[in-house]
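Presented below is the structure to which this report refers.
The values are calculated or read from the model by the stated rules, or taken from the named source; none is laboratory data. This structure is a prediction, so every number in the text was calculated from the model and none was measured. For neighbour counting, all protein chains shown are included, and Cβ atoms are generated from backbone atoms with ideal geometry for every residue, glycine included. Remember, those area values only see protein heavy atoms, side chains included, never the ligands or the DNA or RNA. Shrake-Rupley method; radii C 1.70, N 1.55, O 1.52, S 1.80 Å.
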Amino acid sequence: MGIIQKSQVKSPWIMHFCNSSCNGCDIEVLASLTPLYDVERFGIVNMGNPKHADVLVVTGPVNYRTARVLKNLYDQIPDPKMVIAVGACASTGGVFHNCYNILGGVDKVLPVDVYVPGCAARPEAIIDGVVLALQKLSKAVGVAK
Amino acid sequence: MSQLWIAVIAVVAAPFVGGFLSGIDRRVTARLQGRYGPPIVQPFYDFFKLLGKGRIATSKTQFIWIISYLVFMIACLLFLVLQQDILLLVFLLGFAGISFVLAGFSTKSPYSHFGANRELLQILSYEPILLLFALGVYSQTGSFMISDILASEAPLLASIWPIFIALLVVLTIKMRKSPFDIATSHHGHQELVKGIMTEISGPYYALVTLTEWYELVLLLGIVALFWANPLWIGILIALAAFVLELFVDNINARMTGGWMVRFSWAVGLVLCIVTLTYWWIMKGVF
Ligand code: SF4
């Protein structure tokens, strides 16, 4: 177990991207960054720049316009990276399912690692999702608990 | 021989001290904001994680400038611990800052360019104060050598304390704390995406972090020179200045670049010039 692998699990920097959500899930994502939940305890820091991020947190269904942006952002994140789909919309399309402009869930465009259910997803569920993603990452890099 | 050992120990130990201090920084900041905060060793986790990230370089020259930023900063630290010329130290620090600016300019991203321009503004704000600080040292000890400061009995703080206040402003600017975190900022604060750091990612980001740790130790060392005899009082003063910066960071909002230049010149430069003029009249030192 190398120190780099251990650090990768200890310091996930997230980037939050809103596809075409109703904004409900975005507010919950931001709520989990507030002092009440304080995700910085786990080393989670919100980044505004894909080049510094490790975890892409996506809310809302993918539409034809955001698909390109989403792919672009994903490509700019250096490896190793994780994708978390937050909310019913990001997981499956949710209430926007079958709209004329909607492709569906995030997994139509990106390989999603963790799906967080809920409409809107609760902050506790989002933090759970990030922790789950980290467990998956630690298995992948060989420091599984 | 002993000089060599001092140099080696300083180069090896400084990142640990710097990383530990920035861990305390994040913890204290979190407490001030009513949060629990990350573990003290979090900066080291971040550092090693960044080292292990994939390389996405948008320009090859950027890497060279970041390396030279690091090398010049280490050279500055060596000047301090080997008790060399403080004037040359200030010039080397200027070179280090310019290298970082060039790293920002060597990519095509407009955010990076904005950040680099703002970094230039920061250099414009603090460099004159540092130069006048060196002159202030000269007015007291009659030489620019740090060894002479350490040898002199009277503390600099007693005679040129206004320059100390000006140096605190420099410390805020160099530590990238509010209200002066305009080129880039820490703890996931955002400023024009990430300012000058926008295109610096992965292992290169780690190198910049390392340089910042060296820089922090270097600046606190310079602050400690204000009470060089005995040095432990100086170190306590430096640590107090560090904690003061954390408070300043948390009670201020970010200001604009122009305001920063006006403030640091109006307060810092005036304090320095008044002190120097006073000693010129009293002692006729220059
Ligand atoms: S899951 Fe619900 S709250 Fe979240 S974006 Fe979709 S509709 Fe809005």
- Message: Please list, ordered by residue number, the strands (runs of 3 or more DSSP E) wholly in the stretch A:1-69 having 3 or more residues that are more than 10 Å from chain B (Cβ to nearest Cβ) and under 13 Å from the mean Cα position of the chain (by Cα).
- Response: A:13-18, A:55-59
- Query: If you go through the stretch B:154-167, how many residues are in a helix (DSSP H, G or I) and open to solvent by 30 Å² or more (accessible area, probe 1.4 Å)?
  - Reply: 5
- Query: Can A:Arg65 be described as among the basic types (Lys, Arg) and over 18 Å from A:Glu124 (Cβ atoms)?
  - Reply: yes
- Task: Kindly indicate whether any position in the stretch B:175-193 is without any contact (Cβ under 8 Å) to a residue 60 or more places away in the chain, more than 10 Å from every other protein chain (Cβ to nearest Cβ) and either touching a His at 6+ places or on another chain (Cβ under 9 Å) or crowded, with 20+ Cβ neighbours inside 10 Å (or both).
- Result: yes
- Item | Residue in the stretch A:138-145 that is of a type in the set (A, V, I, L, M), more than 11 Å from the ligand (Cβ to nearest atom), out of contact with any helix residue (DSSP H, G or I) (no Cβ under 6 Å at 6 or more places or on another chain) and farther than 14 Å from A:Ser20 by Cα present | yes
- Among the numbered conditions (1) more than 14 Å from chain B (Cβ to nearest Cβ); (2) within 16 Å of the ligand (Cβ to nearest atom); (3) not in a loop (DSSP other than H, G, I, E, B), tell me where A:Ala120 comes up short. (3)
- Message: For A:Lys51, only one of the following conditions fails: (1) at pLDDT 85 or above; (2) over 21 Å from A:Gly105 (Cα atoms); (3) open to solvent by less than 10 Å² (accessible area, probe 1.4 Å). What is its number?
- Response: (3)
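Residue-by-condition table, conditions (1) in contact with a helix residue (DSSP H, G or I) (Cβ under 7 Å, 6 or more places away or on another chain); (2) crowded, with 21+ Cβ neighbours inside 10 Å; (3) more than 7 Å from every other protein chain (Cβ to nearest Cβ):
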{"site": "B:Val41", "(1), (2), (3)": "yes, no, yes"}
{"site": "B:Phe44", "(1), (2), (3)": "yes, yes, yes"}
{"site": "B:Leu50", "(1), (2), (3)": "yes, yes, yes"}
{"site": "B:Thr58", "(1), (2), (3)": "no, no, yes"}
{"site": "B:Gln62", "(1), (2), (3)": "yes, no, yes"}
{"site": "B:Ser68", "(1), (2), (3)": "yes, no, yes"}
{"site": "B:Cys76", "(1), (2), (3)": "yes, yes, yes"}
{"site": "B:Gln84", "(1), (2), (3)": "yes, no, yes"}
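Scan the stretch B:144-153 and tell me whether some residue there is within 20 Å of B:Val248 (Cα to Cα) and in a helix (DSSP H, G or I).
No, that holds for no residue.
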- When (1) assigned to a helix (DSSP H, G or I); (2) open to solvent by 30 Å² or more (accessible area, probe 1.4 Å); (3) within 16 Å of the ligand (Cβ to nearest atom) are applied to A:Ile126, the one that fails is (2)
- Query: Taking A:Pro61 and the conditions (1) away from the ligand (no atom under 16 Å from the Cβ); (2) touching a residue at least 12 places away in the same chain (Cβ under 8 Å), which numbered condition does it fall short on, given that it satisfies the others?
  - Reply: (1)
- Query: Quick check, is B:Leu244 under 11 Å from the mean Cα position of the chain (by Cα) and either on the phi > 0 side of the Ramachandran plot or in a helix (DSSP H, G or I) (or both)?
  - Reply: no
- Residue check: is A:Glu28 open to solvent by 10 Å² or more (accessible area, probe 1.4 Å) and more than 13 Å from the ligand (Cβ to nearest atom)? no
